[in-house]
1. Please find, within region A:22-63, the residue that is nearest to the chain's Cα centre (by Cα) out of those that are assigned to a loop (DSSP other than H, G, I, E, B) and closer than 14 Å to A:S196 by Cβ.
2. For the structure I just gave you, tell me whether A:G118 is open to solvent by less than 60 Å² (accessible area, probe 1.4 Å) and either at the interface with chain B (Cβ under 8 Å from one of its Cβ atoms) or at pLDDT below 95 (or both).
3. If B:R171 passes every condition in (1) buried (at least 18 other Cβ atoms within 10 Å of the Cβ); (2) more than 11 Å from chain A (Cβ to nearest Cβ) but one, which one does it miss?
4. Would you point out the residue of region A:94-112, among those that are assigned to a helix (DSSP H, G or I) and open to solvent by less than 10 Å² (accessible area, probe 1.4 Å), that is nearest to the other protein chains (Cβ to nearest Cβ)?
5. Answer yes or no: is there a residue in region B:269-277 that is over 21 Å from B:I29 (Cβ atoms) and within 19 Å of the chain's Cα centre (by Cα).
6. Is there any pair linking a residue in region B:180-205 that is closer than 19 Å to B:T102 by Cβ and more than 14 Å from every other protein chain (Cβ to nearest Cβ) to one that is open to solvent by less than 10 Å² (accessible area, probe 1.4 Å) and outside any helix (DSSP H, G or I), with Cβ under 9 Å and at least six apart or on different chains, and which?
7. Does B:L33 satisfy the criteria of being crowded, with 24+ Cβ neighbours inside 10 Å and within 24 Å of B:G234 (Cα to Cα)?
8. Which condition does A:Q128 not pass, out of (1) in a helix (DSSP H, G or I); (2) facing chain B (nearest Cβ under 8 Å); (3) over 13 Å from A:K162 (Cβ atoms), if it passes all the others?
Amino acid sequence: MNADQETVSPLLRVSDLAAGYGRLPVVRSLSMDIAPGEALALLGPNGHGKTTALRAISGLGRISSGQIVFDGSDITGMPAYKVVNQGMMHVPQGNQLFPRLTVRENLTLAGGIPAARGQREETLEMVQGLFPKLLQRRGQLVGTLSGGERQMVAIGMGLMAKPKLLVLDEPTLGLAPKIRYEILETLHEVRRLGLSLIVADGDIEFLFELADRWHLVELGRIVSSGTTDIKPSHEEVMDMYVGSHPSSATNNIEGNKHV
Amino acid sequence: MSDALLSILVSALVLGSLYSLMASGLSLIWSTLGVFNYAHGALLLLGAYLIWTFSEKVGLPVLLAFAAAIPLLALLGMLLDLVAVRPFISRANGTLLVMVSTLAIANAVEGAAQLIWGPQNKQIKAVSTSTFALGDVKIASSTLIALALALVLVVGLITLLRKTKWGMAVRAVEQNRDMAMLVGIRPARIYAGVFAVASILACAAAFVYGTTTTITPTKGFEPLLTAFVVLVFGGSATLWGTLVGAFTIGLLEAGTTYWLGLQWSPVAVFLVLVLIMLVRPQGLVKGRS
(Lines give C-alpha, C1' and ligand atoms only; values in the text may rest on other atoms or scores of the structure.)
Protein backbone atom coordinates (compact mmCIF):
# COMPACT_ATOMS: atom_id res chain seq x y z
CA MET A 1 0.00 0.00 0.00
CA ASN A 2 2.72 2.45 0.92
CA ALA A 3 4.55 1.93 -2.31
CA ASP A 4 1.38 2.70 -4.27
CA GLN A 5 0.92 5.98 -2.55
CA GLU A 6 3.91 7.56 -4.13
CA THR A 7 2.91 6.66 -7.68
CA VAL A 8 -0.90 6.88 -7.67
CA SER A 9 -2.40 10.36 -7.39
CA PRO A 10 -4.46 10.61 -4.22
CA LEU A 11 -8.25 10.16 -4.30
CA LEU A 12 -8.61 12.82 -1.64
CA ARG A 13 -6.13 15.51 -0.74
CA VAL A 14 -6.83 17.80 2.16
CA SER A 15 -4.38 20.69 2.51
CA ASP A 16 -4.12 23.07 5.42
CA LEU A 17 -7.75 22.70 6.41
CA ALA A 18 -9.09 25.02 9.06
CA ALA A 19 -12.71 24.73 10.18
CA GLY A 20 -14.88 25.30 13.20
CA TYR A 21 -18.07 26.72 14.58
CA GLY A 22 -18.48 30.45 14.29
CA ARG A 23 -15.16 32.05 15.11
CA LEU A 24 -13.91 29.18 17.19
CA PRO A 25 -11.41 27.16 15.17
CA VAL A 26 -11.69 23.47 15.98
CA VAL A 27 -9.58 22.16 13.12
CA ARG A 28 -6.37 24.04 12.33
CA SER A 29 -4.03 23.34 9.51
CA LEU A 30 -4.95 19.71 8.93
CA SER A 31 -3.52 17.98 5.86
CA MET A 32 -3.93 14.42 4.64
CA ASP A 33 -4.00 12.23 1.55
CA ILE A 34 -5.93 9.08 0.78
CA ALA A 35 -4.96 6.77 -2.06
CA PRO A 36 -7.62 4.90 -4.04
CA GLY A 37 -8.61 1.75 -2.16
CA GLU A 38 -6.91 2.86 1.00
CA ALA A 39 -8.44 2.92 4.49
CA LEU A 40 -7.36 5.68 6.79
CA ALA A 41 -8.07 5.83 10.51
CA LEU A 42 -8.44 9.03 12.48
CA LEU A 43 -7.66 8.50 16.13
CA GLY A 44 -7.67 10.85 19.01
CA PRO A 45 -9.64 12.09 21.92
CA ASN A 46 -13.17 13.39 21.46
CA GLY A 47 -13.61 17.10 21.09
CA HIS A 48 -10.33 17.54 19.25
CA GLY A 49 -11.77 18.05 15.78
CA LYS A 50 -12.22 14.68 14.08
CA THR A 51 -15.95 15.12 13.46
CA THR A 52 -15.50 18.80 12.56
CA ALA A 53 -12.83 17.85 10.02
CA LEU A 54 -15.03 15.15 8.47
CA ARG A 55 -18.02 17.51 8.31
CA ALA A 56 -15.88 20.14 6.61
CA ILE A 57 -14.55 17.64 4.07
CA SER A 58 -18.01 16.36 3.13
CA GLY A 59 -19.42 19.87 2.80
CA LEU A 60 -21.62 19.90 5.89
CA GLY A 61 -19.43 22.20 7.92
CA ARG A 62 -18.01 25.56 7.01
CA ILE A 63 -14.34 25.81 6.00
CA SER A 64 -12.33 28.84 7.12
CA SER A 65 -9.27 28.09 4.98
CA GLY A 66 -7.49 25.30 3.15
CA GLN A 67 -8.22 23.22 0.10
CA ILE A 68 -9.94 19.91 -0.55
CA VAL A 69 -9.36 18.09 -3.83
CA PHE A 70 -11.37 14.94 -4.44
CA ASP A 71 -10.94 12.68 -7.46
CA GLY A 72 -9.20 15.38 -9.44
CA SER A 73 -11.61 18.23 -8.77
CA ASP A 74 -11.52 21.00 -6.21
CA ILE A 75 -14.48 20.55 -3.88
CA THR A 76 -13.51 23.22 -1.34
CA GLY A 77 -16.70 24.90 -0.14
CA MET A 78 -18.95 22.66 -2.23
CA PRO A 79 -22.22 21.97 -0.37
CA ALA A 80 -22.81 18.43 0.90
CA TYR A 81 -25.66 17.69 -1.51
CA LYS A 82 -23.23 18.15 -4.40
CA VAL A 83 -20.22 16.45 -2.83
CA VAL A 84 -22.11 13.16 -2.54
CA ASN A 85 -22.64 13.20 -6.28
CA GLN A 86 -18.87 13.48 -6.81
CA GLY A 87 -18.45 10.08 -5.16
CA MET A 88 -17.81 10.85 -1.51
CA MET A 89 -20.41 9.72 1.00
CA HIS A 90 -20.28 10.80 4.61
CA VAL A 91 -22.07 8.46 6.99
CA PRO A 92 -22.72 10.00 10.37
CA GLN A 93 -23.42 7.95 13.47
CA GLY A 94 -26.24 5.46 13.15
CA ASN A 95 -28.50 7.42 15.45
CA GLN A 96 -28.53 10.28 12.96
CA LEU A 97 -30.54 8.78 10.12
CA PHE A 98 -34.20 9.39 9.26
CA PRO A 99 -35.86 7.83 12.33
CA ARG A 100 -39.46 7.98 11.09
CA LEU A 101 -38.74 6.47 7.69
CA THR A 102 -38.45 2.73 7.14
CA VAL A 103 -35.18 0.89 6.56
CA ARG A 104 -36.12 0.53 2.92
CA GLU A 105 -36.93 4.26 2.57
CA ASN A 106 -33.66 5.29 4.20
CA LEU A 107 -31.73 3.08 1.81
CA THR A 108 -33.65 4.21 -1.29
CA LEU A 109 -33.17 7.87 -0.41
CA ALA A 110 -29.41 7.39 -0.32
CA GLY A 111 -29.59 5.53 -3.64
CA GLY A 112 -31.51 8.41 -5.20
CA ILE A 113 -28.55 10.63 -6.07
CA PRO A 114 -28.03 11.00 -9.83
CA ALA A 115 -24.73 9.10 -9.81
CA ALA A 116 -26.31 6.01 -8.23
CA ARG A 117 -29.95 6.13 -9.35
CA GLY A 118 -29.48 3.90 -12.40
CA GLN A 119 -28.29 0.88 -10.43
CA ARG A 120 -30.43 1.41 -7.37
CA GLU A 121 -32.12 -2.02 -7.40
CA GLU A 122 -28.84 -3.92 -7.90
CA THR A 123 -27.12 -1.91 -5.15
CA LEU A 124 -30.03 -2.52 -2.81
CA GLU A 125 -29.71 -6.24 -3.39
CA MET A 126 -25.98 -6.08 -2.77
CA VAL A 127 -26.47 -4.12 0.46
CA GLN A 128 -29.14 -6.54 1.65
CA GLY A 129 -26.80 -9.40 0.85
CA LEU A 130 -24.17 -7.76 3.00
CA PHE A 131 -26.64 -7.12 5.82
CA PRO A 132 -29.35 -9.84 5.64
CA LYS A 133 -30.93 -8.29 8.73
CA LEU A 134 -31.83 -5.18 6.76
CA LEU A 135 -33.93 -7.30 4.42
CA GLN A 136 -35.83 -8.73 7.39
CA ARG A 137 -36.33 -5.28 8.85
CA ARG A 138 -37.02 -3.41 5.62
CA GLY A 139 -40.51 -2.25 6.61
CA GLN A 140 -39.52 -1.17 10.11
CA LEU A 141 -38.98 2.45 11.12
CA VAL A 142 -35.28 3.13 11.63
CA GLY A 143 -35.96 4.85 14.96
CA THR A 144 -37.18 1.53 16.38
CA LEU A 145 -34.05 -0.47 15.50
CA SER A 146 -31.23 -1.43 17.85
CA GLY A 147 -27.99 0.56 17.77
CA GLY A 148 -26.18 -2.14 15.79
CA GLU A 149 -28.97 -2.41 13.23
CA ARG A 150 -29.05 1.35 12.81
CA GLN A 151 -25.32 1.35 12.17
CA MET A 152 -25.86 -1.31 9.51
CA VAL A 153 -28.48 0.92 7.87
CA ALA A 154 -26.01 3.82 8.05
CA ILE A 155 -23.27 1.86 6.29
CA GLY A 156 -25.84 0.47 3.87
CA MET A 157 -26.89 4.01 3.02
CA GLY A 158 -23.27 4.86 2.42
CA LEU A 159 -23.00 2.03 -0.08
CA MET A 160 -26.30 2.90 -1.78
CA ALA A 161 -24.76 6.17 -2.98
CA LYS A 162 -22.13 4.14 -4.91
CA PRO A 163 -19.23 6.21 -3.59
CA LYS A 164 -15.52 5.91 -4.23
CA LEU A 165 -14.82 7.13 -0.71
CA LEU A 166 -16.86 6.30 2.36
CA VAL A 167 -16.42 8.61 5.35
CA LEU A 168 -17.50 6.94 8.59
CA ASP A 169 -17.85 8.86 11.82
CA GLU A 170 -17.83 6.71 14.98
CA PRO A 171 -19.26 3.53 13.46
CA THR A 172 -18.81 1.58 16.70
CA LEU A 173 -20.06 4.21 19.16
CA GLY A 174 -22.19 2.59 21.83
CA LEU A 175 -22.08 -0.88 20.27
CA ALA A 176 -21.41 -4.17 22.08
CA PRO A 177 -18.10 -5.94 21.23
CA LYS A 178 -19.90 -8.66 19.27
CA ILE A 179 -21.68 -6.09 17.09
CA ARG A 180 -18.43 -4.16 16.65
CA TYR A 181 -16.90 -7.32 15.29
CA GLU A 182 -19.80 -7.75 12.84
CA ILE A 183 -19.37 -4.15 11.66
CA LEU A 184 -15.64 -4.76 11.26
CA GLU A 185 -16.25 -7.87 9.16
CA THR A 186 -18.68 -6.00 6.93
CA LEU A 187 -16.31 -3.10 6.46
CA HIS A 188 -13.62 -5.58 5.37
CA GLU A 189 -16.12 -6.77 2.75
CA VAL A 190 -16.71 -3.16 1.76
CA ARG A 191 -12.99 -2.68 1.29
CA ARG A 192 -12.87 -5.71 -0.98
CA LEU A 193 -15.33 -3.84 -3.23
CA GLY A 194 -12.51 -1.37 -3.83
CA LEU A 195 -13.86 1.52 -1.77
CA SER A 196 -11.62 3.89 0.13
CA LEU A 197 -12.46 4.62 3.74
CA ILE A 198 -11.85 7.34 6.27
CA VAL A 199 -12.92 6.14 9.68
CA ALA A 200 -12.93 8.15 12.86
CA ASP A 201 -13.59 6.09 15.95
CA GLY A 202 -12.82 5.77 19.61
CA ASP A 203 -11.98 2.06 19.41
CA ILE A 204 -8.29 1.84 18.51
CA GLU A 205 -8.24 -1.94 18.16
CA PHE A 206 -11.13 -1.74 15.72
CA LEU A 207 -9.34 0.92 13.71
CA PHE A 208 -6.06 -1.00 13.60
CA GLU A 209 -7.89 -4.12 12.38
CA LEU A 210 -9.58 -2.15 9.63
CA ALA A 211 -7.26 0.56 8.34
CA ASP A 212 -3.92 0.75 6.52
CA ARG A 213 -2.70 3.96 8.07
CA TRP A 214 -3.61 6.17 11.00
CA HIS A 215 -3.42 9.82 11.95
CA LEU A 216 -3.67 10.98 15.51
CA VAL A 217 -5.70 14.18 15.73
CA GLU A 218 -5.15 16.42 18.73
CA LEU A 219 -6.26 20.01 19.17
CA GLY A 220 -7.34 20.15 15.55
CA ARG A 221 -4.05 18.98 14.06
CA ILE A 222 -2.45 15.72 13.05
CA VAL A 223 0.20 15.22 15.69
CA SER A 224 1.48 11.81 14.63
CA SER A 225 0.89 9.21 11.94
CA GLY A 226 1.80 5.64 11.19
CA THR A 227 0.85 2.40 9.54
CA THR A 228 -1.28 -0.23 11.21
CA ASP A 229 1.02 -3.20 10.57
CA ILE A 230 2.73 -2.47 13.88
CA LYS A 231 0.24 -2.79 16.69
CA PRO A 232 0.73 -0.18 19.38
CA SER A 233 1.47 -1.29 22.90
CA HIS A 234 -0.84 -0.48 25.76
CA GLU A 235 1.46 2.38 26.79
CA GLU A 236 1.39 3.80 23.31
CA VAL A 237 -2.40 3.69 23.20
CA MET A 238 -2.57 5.41 26.55
CA ASP A 239 -0.14 7.95 25.26
CA MET A 240 -2.26 8.62 22.21
CA TYR A 241 -5.34 9.24 24.25
CA VAL A 242 -4.07 10.76 27.43
CA GLY A 243 -1.54 12.55 25.30
CA SER A 244 1.79 14.12 25.82
CA HIS A 245 -0.01 17.45 26.18
CA PRO A 246 0.08 18.14 29.88
CA SER A 247 -2.40 20.99 29.52
CA SER A 248 -5.07 18.91 27.85
CA ALA A 249 -4.54 15.66 29.70
CA THR A 250 -7.59 15.88 31.93
CA ASN A 251 -9.75 16.89 29.02
CA ASN A 252 -8.67 13.87 27.07
CA ILE A 253 -9.55 11.42 29.78
CA GLU A 254 -12.94 13.03 30.23
CA GLY A 255 -13.61 12.89 26.53
CA ASN A 256 -12.96 9.19 26.25
CA LYS A 257 -15.11 7.74 28.95
CA HIS A 258 -17.18 5.79 26.47
CA VAL A 259 -14.21 3.82 25.10
CA MET B 1 -82.66 16.37 12.38
CA SER B 2 -83.86 19.86 13.18
CA ASP B 3 -83.28 22.61 10.69
CA ALA B 4 -81.24 24.62 13.17
CA LEU B 5 -78.86 21.74 13.60
CA LEU B 6 -78.66 21.30 9.87
CA SER B 7 -77.78 24.92 9.19
CA ILE B 8 -75.14 24.78 11.91
CA LEU B 9 -73.70 21.72 10.19
CA VAL B 10 -73.63 23.44 6.82
CA SER B 11 -71.89 26.45 8.26
CA ALA B 12 -69.46 24.14 10.10
CA LEU B 13 -68.58 22.44 6.82
CA VAL B 14 -67.61 25.73 5.21
CA LEU B 15 -65.58 26.87 8.20
CA GLY B 16 -63.98 23.45 8.54
CA SER B 17 -62.96 23.52 4.88
CA LEU B 18 -61.44 26.96 5.27
CA TYR B 19 -59.55 26.03 8.43
CA SER B 20 -58.33 22.68 7.16
CA LEU B 21 -56.86 24.33 4.05
CA MET B 22 -55.17 27.04 6.12
CA ALA B 23 -54.00 24.74 8.91
CA SER B 24 -52.59 22.02 6.66
CA GLY B 25 -50.38 24.59 4.90
CA LEU B 26 -49.25 26.00 8.23
CA SER B 27 -48.66 22.50 9.51
CA LEU B 28 -46.55 21.58 6.48
CA ILE B 29 -44.35 24.65 6.95
CA TRP B 30 -44.18 24.11 10.69
CA SER B 31 -43.14 20.48 10.48
CA THR B 32 -40.60 20.99 7.69
CA LEU B 33 -38.98 24.28 8.68
CA GLY B 34 -39.85 24.45 12.37
CA VAL B 35 -41.24 27.98 12.04
CA PHE B 36 -44.72 29.41 12.22
CA ASN B 37 -45.70 31.44 9.16
CA TYR B 38 -47.49 34.52 10.50
CA ALA B 39 -47.85 35.76 6.92
CA HIS B 40 -50.15 32.87 6.02
CA GLY B 41 -53.17 35.11 6.58
CA ALA B 42 -51.59 37.61 4.18
CA LEU B 43 -51.32 34.84 1.56
CA LEU B 44 -55.00 34.09 2.12
CA LEU B 45 -55.83 37.76 1.66
CA LEU B 46 -53.74 38.13 -1.48
CA GLY B 47 -55.29 34.99 -2.92
CA ALA B 48 -58.79 36.31 -2.29
CA TYR B 49 -58.01 39.70 -3.84
CA LEU B 50 -56.31 38.09 -6.85
CA ILE B 51 -59.34 35.89 -7.50
CA TRP B 52 -61.64 38.89 -7.04
CA THR B 53 -59.56 41.01 -9.44
CA PHE B 54 -59.43 38.32 -12.11
CA SER B 55 -63.15 37.77 -11.84
CA GLU B 56 -64.44 41.36 -11.41
CA LYS B 57 -61.84 43.46 -13.23
CA VAL B 58 -60.51 41.07 -15.87
CA GLY B 59 -63.88 39.44 -16.30
CA LEU B 60 -62.83 35.80 -16.11
CA PRO B 61 -65.34 33.22 -14.94
CA VAL B 62 -64.84 32.58 -11.21
CA LEU B 63 -63.34 29.13 -11.57
CA LEU B 64 -60.89 30.39 -14.19
CA ALA B 65 -60.01 33.35 -11.97
CA PHE B 66 -59.28 30.87 -9.18
CA ALA B 67 -57.12 28.76 -11.50
CA ALA B 68 -55.21 31.86 -12.61
CA ALA B 69 -54.55 32.93 -9.04
CA ILE B 70 -53.07 29.57 -8.00
CA PRO B 71 -49.68 29.80 -9.78
CA LEU B 72 -49.35 33.47 -8.83
CA LEU B 73 -49.90 32.72 -5.17
CA ALA B 74 -47.44 29.82 -5.35
CA LEU B 75 -44.86 32.28 -6.68
CA LEU B 76 -45.69 34.79 -3.94
CA GLY B 77 -45.28 32.03 -1.37
CA MET B 78 -41.83 31.17 -2.71
CA LEU B 79 -40.97 34.87 -2.67
CA LEU B 80 -42.06 35.02 0.96
CA ASP B 81 -39.71 32.12 1.74
CA LEU B 82 -36.90 33.87 -0.13
CA VAL B 83 -37.17 37.27 1.58
CA ALA B 84 -38.66 36.55 5.01
CA VAL B 85 -37.64 33.02 5.94
CA ARG B 86 -34.44 31.88 4.26
CA PRO B 87 -32.21 34.81 5.30
CA PHE B 88 -33.07 34.31 8.96
CA ILE B 89 -33.86 30.68 9.62
CA SER B 90 -30.34 29.35 10.06
CA ARG B 91 -29.27 32.14 12.40
CA ALA B 92 -28.88 31.50 16.09
CA ASN B 93 -32.37 32.73 17.08
CA GLY B 94 -33.92 31.97 13.71
CA THR B 95 -37.39 31.01 14.92
CA LEU B 96 -37.83 34.37 16.59
CA LEU B 97 -36.45 36.29 13.60
CA VAL B 98 -38.79 34.48 11.22
CA MET B 99 -41.70 35.26 13.51
CA VAL B 100 -40.85 38.96 13.32
CA SER B 101 -40.18 38.97 9.58
CA THR B 102 -43.37 37.12 8.67
CA LEU B 103 -45.40 39.35 10.99
CA ALA B 104 -43.84 42.35 9.25
CA ILE B 105 -44.77 40.95 5.85
CA ALA B 106 -48.32 40.32 7.09
CA ASN B 107 -48.62 43.97 8.11
CA ALA B 108 -47.07 45.22 4.90
CA VAL B 109 -49.48 43.14 2.81
CA GLU B 110 -52.42 44.49 4.81
CA GLY B 111 -51.26 48.04 4.10
CA ALA B 112 -50.66 47.30 0.45
CA ALA B 113 -54.12 45.78 0.14
CA GLN B 114 -55.61 48.98 1.61
CA LEU B 115 -53.79 50.99 -1.05
CA ILE B 116 -54.54 48.73 -3.98
CA TRP B 117 -58.04 47.46 -3.27
CA GLY B 118 -59.31 49.96 -0.68
CA PRO B 119 -61.13 49.30 2.57
CA GLN B 120 -64.51 48.44 0.99
CA ASN B 121 -66.02 45.00 1.31
CA LYS B 122 -65.39 42.73 -1.63
CA GLN B 123 -67.00 39.41 -2.35
CA ILE B 124 -66.07 36.82 -4.93
CA LYS B 125 -69.01 35.73 -7.05
CA ALA B 126 -70.32 32.26 -6.29
CA VAL B 127 -69.52 29.62 -8.88
CA SER B 128 -73.13 28.66 -9.00
CA THR B 129 -76.15 29.97 -7.16
CA SER B 130 -77.97 26.67 -7.25
CA THR B 131 -79.00 25.14 -3.96
CA PHE B 132 -79.93 21.73 -2.72
CA ALA B 133 -82.88 21.45 -0.43
CA LEU B 134 -82.41 19.25 2.58
CA GLY B 135 -85.67 19.48 4.46
CA ASP B 136 -86.35 23.16 4.83
CA VAL B 137 -82.72 24.10 4.74
CA LYS B 138 -81.16 25.03 1.45
CA ILE B 139 -77.55 24.04 1.01
CA ALA B 140 -75.70 26.29 -1.40
CA SER B 141 -73.62 24.45 -3.96
CA SER B 142 -70.69 26.63 -2.87
CA THR B 143 -70.75 24.79 0.45
CA LEU B 144 -70.31 21.49 -1.34
CA ILE B 145 -67.59 22.94 -3.57
CA ALA B 146 -65.73 24.22 -0.49
CA LEU B 147 -65.97 20.84 1.19
CA ALA B 148 -64.83 18.96 -1.91
CA LEU B 149 -61.92 21.34 -2.43
CA ALA B 150 -60.73 20.96 1.16
CA LEU B 151 -61.05 17.18 1.24
CA VAL B 152 -59.42 16.63 -2.14
CA LEU B 153 -56.51 18.98 -1.45
CA VAL B 154 -55.76 17.89 2.11
CA VAL B 155 -56.04 14.18 1.31
CA GLY B 156 -54.01 14.94 -1.82
CA LEU B 157 -51.32 16.55 0.32
CA ILE B 158 -51.26 13.55 2.64
CA THR B 159 -50.84 11.27 -0.37
CA LEU B 160 -48.19 13.53 -1.85
CA LEU B 161 -46.17 13.34 1.35
CA ARG B 162 -46.62 9.60 1.81
CA LYS B 163 -46.33 8.24 -1.68
CA THR B 164 -44.15 10.45 -3.85
CA LYS B 165 -40.42 10.96 -4.12
CA TRP B 166 -40.88 14.64 -3.34
CA GLY B 167 -42.86 13.76 -0.23
CA MET B 168 -40.14 11.43 0.97
CA ALA B 169 -37.56 14.20 0.45
CA VAL B 170 -39.74 16.60 2.47
CA ARG B 171 -40.01 14.09 5.29
CA ALA B 172 -36.26 13.47 5.12
CA VAL B 173 -35.45 17.19 5.48
CA GLU B 174 -38.01 17.44 8.27
CA GLN B 175 -36.43 14.57 10.21
CA ASN B 176 -32.75 15.27 9.68
CA ARG B 177 -31.60 18.19 7.61
CA ASP B 178 -27.89 17.27 7.67
CA MET B 179 -28.48 13.67 6.67
CA ALA B 180 -30.81 14.84 3.91
CA MET B 181 -27.99 16.95 2.50
CA LEU B 182 -25.61 14.00 2.73
CA VAL B 183 -27.93 11.95 0.51
CA GLY B 184 -28.05 14.72 -2.06
CA ILE B 185 -31.22 16.60 -1.12
CA ARG B 186 -31.03 20.39 -1.34
CA PRO B 187 -33.02 21.75 1.62
CA ALA B 188 -33.51 25.22 0.08
CA ARG B 189 -35.39 23.65 -2.84
CA ILE B 190 -37.55 21.58 -0.54
CA TYR B 191 -38.39 24.69 1.50
CA ALA B 192 -39.36 26.61 -1.65
CA GLY B 193 -41.57 23.71 -2.72
CA VAL B 194 -43.17 23.51 0.71
CA PHE B 195 -44.00 27.22 0.56
CA ALA B 196 -45.43 26.84 -2.93
CA VAL B 197 -47.67 23.96 -1.85
CA ALA B 198 -48.79 25.75 1.32
CA SER B 199 -49.62 28.82 -0.78
CA ILE B 200 -51.70 26.77 -3.19
CA LEU B 201 -53.66 25.47 -0.21
CA ALA B 202 -54.01 29.08 1.02
CA CYS B 203 -55.32 30.05 -2.43
CA ALA B 204 -57.98 27.36 -2.17
CA ALA B 205 -58.77 28.67 1.32
CA ALA B 206 -59.06 32.14 -0.18
CA PHE B 207 -61.53 30.84 -2.72
CA VAL B 208 -63.66 29.31 0.04
CA TYR B 209 -63.33 32.41 2.19
CA GLY B 210 -64.00 34.94 -0.55
CA THR B 211 -67.07 33.19 -1.87
CA THR B 212 -68.69 32.71 1.52
CA THR B 213 -67.88 35.99 3.24
CA THR B 214 -66.80 39.50 2.36
CA ILE B 215 -63.12 40.37 2.35
CA THR B 216 -61.44 43.52 3.59
CA PRO B 217 -57.68 44.15 4.06
CA THR B 218 -57.88 43.37 7.77
CA LYS B 219 -59.53 39.99 7.42
CA GLY B 220 -56.47 37.81 6.98
CA PHE B 221 -55.57 37.52 10.61
CA GLU B 222 -58.65 35.91 12.08
CA PRO B 223 -58.61 32.71 9.99
CA LEU B 224 -54.86 32.48 10.67
CA LEU B 225 -55.42 32.54 14.43
CA THR B 226 -58.19 29.98 14.22
CA ALA B 227 -55.99 27.79 12.01
CA PHE B 228 -53.37 28.03 14.74
CA VAL B 229 -55.94 26.77 17.25
CA VAL B 230 -56.72 23.93 14.83
CA LEU B 231 -53.04 22.98 14.76
CA VAL B 232 -52.85 22.85 18.53
CA PHE B 233 -56.18 21.08 18.74
CA GLY B 234 -55.55 18.47 16.07
CA GLY B 235 -51.89 17.99 16.91
CA SER B 236 -49.35 18.95 14.31
CA ALA B 237 -47.96 15.44 13.96
CA THR B 238 -50.34 14.21 11.28
CA LEU B 239 -52.52 15.99 8.75
CA TRP B 240 -55.42 13.67 9.60
CA GLY B 241 -55.43 15.32 13.01
CA THR B 242 -55.44 18.71 11.33
CA LEU B 243 -58.43 17.69 9.24
CA VAL B 244 -60.39 16.41 12.24
CA GLY B 245 -59.39 19.47 14.26
CA ALA B 246 -60.48 21.88 11.52
CA PHE B 247 -63.98 20.49 11.26
CA THR B 248 -64.36 20.22 15.03
CA ILE B 249 -63.39 23.85 15.50
CA GLY B 250 -65.66 24.77 12.59
CA LEU B 251 -68.55 23.02 14.31
CA LEU B 252 -67.76 24.70 17.60
CA GLU B 253 -67.66 28.10 15.97
CA ALA B 254 -70.86 27.55 14.03
CA GLY B 255 -72.61 26.27 17.16
CA THR B 256 -71.60 29.16 19.40
CA THR B 257 -72.47 31.65 16.66
CA TYR B 258 -75.92 30.15 16.31
CA TRP B 259 -76.79 29.80 19.98
CA LEU B 260 -74.78 32.55 21.68
CA GLY B 261 -74.13 35.02 18.89
CA LEU B 262 -71.22 35.83 16.61
CA GLN B 263 -69.25 37.69 19.27
CA TRP B 264 -68.93 34.54 21.38
CA SER B 265 -67.32 32.28 18.80
CA PRO B 266 -63.71 33.51 19.23
CA VAL B 267 -64.17 33.24 22.98
CA ALA B 268 -65.27 29.62 22.67
CA VAL B 269 -62.47 28.81 20.24
CA PHE B 270 -59.74 30.22 22.46
CA LEU B 271 -61.26 28.68 25.55
CA VAL B 272 -60.91 25.34 23.80
CA LEU B 273 -57.30 26.22 22.96
CA VAL B 274 -56.52 26.85 26.62
CA LEU B 275 -58.31 23.67 27.70
CA ILE B 276 -56.52 21.54 25.12
CA MET B 277 -53.16 22.96 26.14
CA LEU B 278 -53.91 22.10 29.76
CA VAL B 279 -55.40 18.66 29.26
CA ARG B 280 -53.87 17.27 26.11
CA PRO B 281 -50.86 19.32 24.99
CA GLN B 282 -49.92 16.81 22.28
CA GLY B 283 -53.21 17.49 20.49
CA LEU B 284 -56.15 15.31 19.61
CA VAL B 285 -54.33 12.92 17.32
CA LYS B 286 -50.99 11.84 18.64
CA GLY B 287 -48.28 11.30 16.07
CA ARG B 288 -45.64 8.63 15.99
CA SER B 289 -42.23 9.23 17.54
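1. Going residue by residue through region A:22-63, those that are assigned to a loop (DSSP other than H, G, I, E, B) are A:22-23, A:35-38, A:44-49, A:58-62.
Still in the list and also closer than 14 Å to A:S196 by Cβ: A:35-38, A:58.
Details: A:A35: 15, A:P36: 15, A:G37: 14, A:E38: 13, A:S58: 10 Å.
Looking at residues that are assigned to a loop (DSSP other than H, G, I, E, B) and closer than 14 Å to A:S196 by Cβ, I get A:S58.
2. Values: open to solvent by less than 60 Å² (accessible area, probe 1.4 Å): no; either at the interface with chain B (Cβ under 8 Å from one of its Cβ atoms) or at pLDDT below 95 (or both): yes.
So A:G118 fails the test.
3. (2)
4. Among residues in region A:94-112 that are assigned to a helix (DSSP H, G or I) and open to solvent by less than 10 Å² (accessible area, probe 1.4 Å), the one nearest to the other protein chains (Cβ to nearest Cβ) is A:A110.
5. yes
6. B:F195/B:N37; B:A198/B:N37
7. So B:L33 passes the test.
8. (2)
The values are calculated or read from the model by the stated rules, or taken from the named source; none is laboratory data. Since this is a predicted model, take the numbers as computed values, not measurements. Counting neighbours? That spans all protein chains shown, and the Cβs are built from the backbone with ideal geometry, glycine included. When the accessible area is computed, the model is the full protein with side chains, heavy atoms only, and any ligands, DNA or RNA have been set aside. Shrake-Rupley method; radii C 1.70, N 1.55, O 1.52, S 1.80 Å.
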